[in-house]
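So the structure is just underneath, and the comments pick up after that.
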Amino acid sequence: MSVSFHSFEHGADHARELASALDLELTPIDVHIFPDGESLVRAPSGGKTAIIYCPLDRPNEKLVNLLLAADALQRGGARRLVLVAPYLCYMRQDKAFRAGEAISQKAIAQFLSLAFDRVVTVDAHLHRVNSISEVFPDIEAENLLAADAIARYVAKKGCGPETVVVGPDVESAQWVARIAGRLGAVSFTATKSRSGDRDVEIVFPAELHISGRDVLLADDIVSSGGTMIAAISALRERGAASIRVAVTHALFDDDVLVRMRSAGASEVWSSTAVPHATNAISISGELAEALRDELNEQS
Ligand code: R5P
């Protein structure tokens, strides 16, 4: 068997947990930043198949380092490169909303496809496309779901069939329905309109009766927090007894956590897809299951 497992410093703890679930050792990728800002990346030679774990939050510098790491591993003898990016950046800009804008989703997918044979991610934000294979037509790609891991975690924390599982926009329906299904609970989604990065209006359907009920508010991404804060405030106005938040990708700063709490969230839990202070929900089981075939193919 010749499979090696690598990660940068960012996310190394989660990478180690995943490597150990696959019975592999984690080999760190070293990055030296020159005074002028360019990177020198060193990845010791590994297996014929090299897996790189790299959560792509705050991605611009990471993307360049990833390309350089892939080059180093290929030069060291790797013939198959697998990227595990539990958070896959730039998926939300999936069309040119105004003339002259880049379609970031396509551009970044093409960039990653130059270096990798397979991409594994979690809850990629796919809105106007049906599957991750449409985003990566030239390489293997899988989009795993965090919903089952979230449901297992929140169930341990006391969410059950009586909890109302709520999503802040129509796109979240896929995730909240799955979490609710696992809990035996009902789910609803709101309608969202956004007039700026942080300017969001959330309207819940009239038939959503949540006065005195415990609510689990779930979404794929919290970034500026505008969506969640508006949703928490709307739920509070409707008389929810408690509001707990579960998110796959925690991209937000500390002040957003404070604002979510003051808006009325009693708990904010995130998955380990992005290293963050709110991490509570491990997704290494889902990732290990998806990656196990790399070990079988090489044995
Ligand atoms: C977009 O539709 C996503 O599902 C999230 O709702 C969105 O990215 C959250 O962004 P923010 O925290 O900036 O409102």
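The numbers here are math on the coordinates, done by the rules we state, and not lab data. Please read these numbers as outputs of a predicted model, since none were measured by experiment. Ideal geometry is used to build each Cβ from the backbone, glycine not excepted, and the neighbour counts take in all protein chains shown.
Under 5 Å from the amide H of LEU26 lies no amide H of any residue 5 or more positions distant or on a separate chain, with H modelled from the backbone and absent for Pro and chain starts.
In this simple spin-label model, placing a label point 7 Å from the Cα along the Cα-to-Cβ direction at both ASN296 and LYS106 gives a separation of 3.6 nm.
Of all DSSP beta bridges confined to region 1-96, the antiparallel ones make up roughly 25%. Please pull out the direction-averaged projected area of region 23-70, using the convex hull of its alpha-carbon atoms, in nm² to one decimal place. Result: a mean projected hull area of 3.9 nm². Of the beta bridges DSSP finds with both residues in region 97-218, what % are antiparallel, to the nearest 5? Antiparallel bridges: around 25 percent, rounded to the nearest 5. Applying 0.36 nm per residue to the separation of LEU114 and THR191 and subtracting their alpha-carbon distance, the gain on full extension is 23.9 nm.
With 23 Å as the cut-off, how large is the P(r) tail for the chain, expressed as percent of Cα-Cα pairs? I get 56 percent for the Cα pairs in the chain exceeding 23 Å. Here the chain carries DSSP beta bridges of which approximately 15% are antiparallel, counting only pairs with both residues inside. Placing unit charges on each Cβ (+1 for Lys and Arg, -1 for Asp and Glu) gives the chain a dipole about its Cα centre, and among LEU68, ILE202, ALA218 the Cα reaching farthest toward its positive end belongs to ILE202.
For the cross-link pairs LYS156/LYS192; LYS95/LYS157; LYS62/LYS106; LYS62/LYS95, which exceed 28 Å when the distance is taken from alpha carbon to alpha carbon? Violating the 28 Å Cα-Cα cut-off are LYS156/LYS192; LYS95/LYS157. Note on ARG75 and VAL129: their simple-model spin labels are 3.1 nm apart, each label 7 Å out from Cα toward Cβ.
Once each of the GluC sites (Glu not before Pro) sitting in a DSSP loop with at most 16 other beta-carbon atoms within 10 Å is removed, the chain keeps 208-299 as its longest stretch. Residues whose amide H falls under 5 Å from that of ILE51, counting only those 5 or more places apart or on a different chain, are SER4, PHE5, HIS6, VAL82, with hydrogens built in the peptide plane.
Taken along its principal axes, the alpha carbon cloud of region 235-298 reaches lengths of 56, 23, 12 Å, longest axis first.
Report summary: the helix-based calculation at 222 nm, which adds -39500 (n - 2.57) for every DSSP H run with n ≥ 4 and divides by the residues of the chain, gives -10000 deg cm²/dmol. Taking θ as phi - 60° and the Karplus parameters 6.51, -1.76 and 1.60, the scalar couplings of region 15-29 work out to 4, 4, 4, 5, 4, 5, 5, 9, 6, 10, 9, 7, 9, x, 9 Hz in sequence order, x denoting glycine and proline. Once the convex hull of all Cα atoms in region 89-225 is built, its volume per residue stands at 131 Å³.
Multiplying the sequence separation of ARG198 and SER20 by 0.36 nm and subtracting their Cα-Cα distance, what value in nm do you get?
Going from the current span to full extension adds 60.1 nm.
Rounded, prolate or oblate: which fits region 1-153, taking a ≥ b ≥ c as square roots of the Cα gyration tensor eigenvalues, rounded meaning a/c under 1.5, else prolate when a/b beats b/c? Oblate, because a/c is 1.5 or more while a/b does not exceed b/c. Calculated FRET efficiency, LEU145 to VAL64, Cβ-Cβ distance, R0 = 22 Å: about 0.15 to the nearest 0.05.
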